Each structure stands twice: as C-alpha cells, then as structure tokens.
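Sharing a structure with you now.
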Amino acid sequence: MECMKYLIAILAVAGIVVSSMALHIHFMDPNAAPPCAVGPGFDCGIVNHGKYSVFPPLMFDEPPGKLHIPVAAIGIAGYALIGIFALMGRIRIVLEFARVGFFCAAFLSFIEAYVIETWCIYCLWSQAIMTAILLTSVVAVVLRRRRRAASMVAVLSEHVD
C-alpha cells in the first residue's frame, strides 16, 4: 500500500515535467518551429498558441488586459497538488484531484480532436499520465478499503467470543 503513494508521486513528477515542456512551448515565439511538430496532425505549437491554450479561452472581441492563465500552468499546479497529497497518504483527495484532472484532460483532447484538429504530443502524454494516476488511485482506495474491512472483521471476531 505504501508503494502506491510513491508510484502516484513519481507519476505526478512526470506530469510536472510534461506540463513544463508544454508551458515552454506556450511561451515560445509562435513563428519558431516547436520541437514537437512531428507531422501534419501533430503540432503542439498550434495547440499551445491557440485560444484554448489559456483559461478562460481567448475571445475575439475581449478587451486587452484580461487575465488568462496558461492551461499548462494549471496542469503543473494540479500535478504538484496530487504529488503532495499522495506523499501525505491522502489517497481519497488524490482520487478527487485525479478525477478532475482526467476529465479536464479529456475535454482538452476533445478540443484538439474536433475543434483544433491538431494534436499536441505533450497533451497526449499528460492525458496518459493523468489516466495512470486515476487508475492507481482507484486501486489504492480499493485496497485500503479491503484492508480496513479485513481488520474490522478481525477486531469484531475477537470481541464476539
């Protein structure tokens, strides 16, 4: 059970690295060729410089000066929180953060597939890492419940005699 929290923390560090690479692309010159432009359907420069690369999304008629946070920066913060809570052993909180992160990443994958029609390799890696964190935290919660139920049965059986 202890190894699960360390596995989640390692996955969170991997997520921070991938999100940092995407944030680097976000702040690159849009005219420079990003290192992840590997084919016609894969170009993280297009994805990370588009209107959906920040939260809230950029609108064509909005006044200048409005605050927009890069999605990759939100990802870094989310992975950091997941890692911290995993190391604290708060797996239920990790599970909730992982659920939110998974559905946010799935929504962004939907945007890439059907709106932008271009994929970001870093975003796909982030989706895979978040999926792994979600599945690992589900397994950890199930194992913890089984262990607690078994210990409760043992305690109750001692007091029944």
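Each reported figure results from applying straightforward, stated rules to the coordinates on display, with no laboratory input. Please read all numbers here as calculations on a predicted model, not as lab measurements. With ideal geometry, Cβ positions are generated from the backbone for all residues, glycine too; neighbour counts draw on all protein chains shown.
List the residues whose amide H sits under 5 Å from the amide H of Phe42, counting only those 5 or more places along or on another chain, with H placed 1.01 Å from N in the peptide plane.
Amide H neighbours of Phe42: Trp119.
List the residues, sorted by chain then number, that are 5 or more residues from Val54 or on another chain and whose placed amide H is less than 5 Å from its amide H.
Correct list: Val71.
Still on this structure: Pop out the ³J(HN,Hα) list for region 94-100 in order, Karplus 6.51 cos²θ - 1.76 cosθ + 1.60 with θ = phi - 60°, rounded to Hz; leave Gly and Pro as x.
Result, ordered by residue: 4, 4, 5, 4, 5, 5, 4 Hz.
Return the Rg/Rh ratio of region 91-155 with Cα-based radii and a Kirkwood Rh.
Answer for region 91-155: 1.23.
Along region 16-29, what does the Karplus equation 6.51 cos²θ - 1.76 cosθ + 1.60 (θ = phi - 60°) give for ³J(HN,Hα), rounded to whole Hz, x for Gly and Pro?
The phi angles translate into 5, 4, 5, 5, 5, 5, 5, 5, 4, 5, 4, 8, 6, 5 Hz.
Dipole of region 26-145, Cα-centred, from +1 at each Lys and Arg C-beta and -1 at each Asp and Glu C-beta, to the nearest 20 debye?
Using only the charged Cβ atoms, the result is roughly 760 debye.
What stretch of the chain, leaving out the sites themselves, is the longest with no trypsin sites (Lys or Arg not before Pro) in a DSSP loop having at most 16 other Cβ atoms within 10 Å?
91-161
Let me ask something else. What do you get for chymotrypsin sites (Phe, Trp or Tyr not before Pro) in region 59-108 restricted to DSSP loop and a cutoff of at most 13 other Cβ within 10 Å of the site's Cβ?
Those that pass, being in a loop and sparsely packed, are Phe60.
Please compute the length gained on full extension between Met28 and Cys3, using 0.36 nm multiplied by the number of residues separating them and subtracting their Cα-Cα distance.
5.2 nm
Using Cβ-Cβ distances only, list the Cys residues of the chain with no partner cysteine under 4.7 Å, sorted by number.
Lacking a cysteine Cβ partner under 4.7 Å: Cys3, Cys104.
Residue by residue, what Karplus-based ³J(HN,Hα) values in Hz, rounded to whole numbers, does region 68-73 have, using 6.51, -1.76 and 1.60 with θ = phi - 60° and x for Gly and Pro?
Running phi through 6.51 cos²θ - 1.76 cosθ + 1.60 with θ = phi - 60° gives 10, 9, x, 4, 5, 5 Hz.
Considering only DSSP states other than H, G, I, E and B, which GluC sites (Glu not before Pro) in region 77-143 qualify as loop sites with at most 12 other Cβ atoms within 10 Å?
Glu117
Another question, if that's okay. With each label point set 7 Å from Cα along the Cα-Cβ vector, what nm distance links Arg99 and Ser157?
Placing both labels 7 Å beyond Cα along the Cβ direction yields 3.3 nm.
Still on this structure: How much length is gained on full extension from Leu87 to Val13, taking 0.36 nm per residue of separation minus their Cα-Cα distance?
Contour length minus the Cα-Cα distance gives 25.5 nm.
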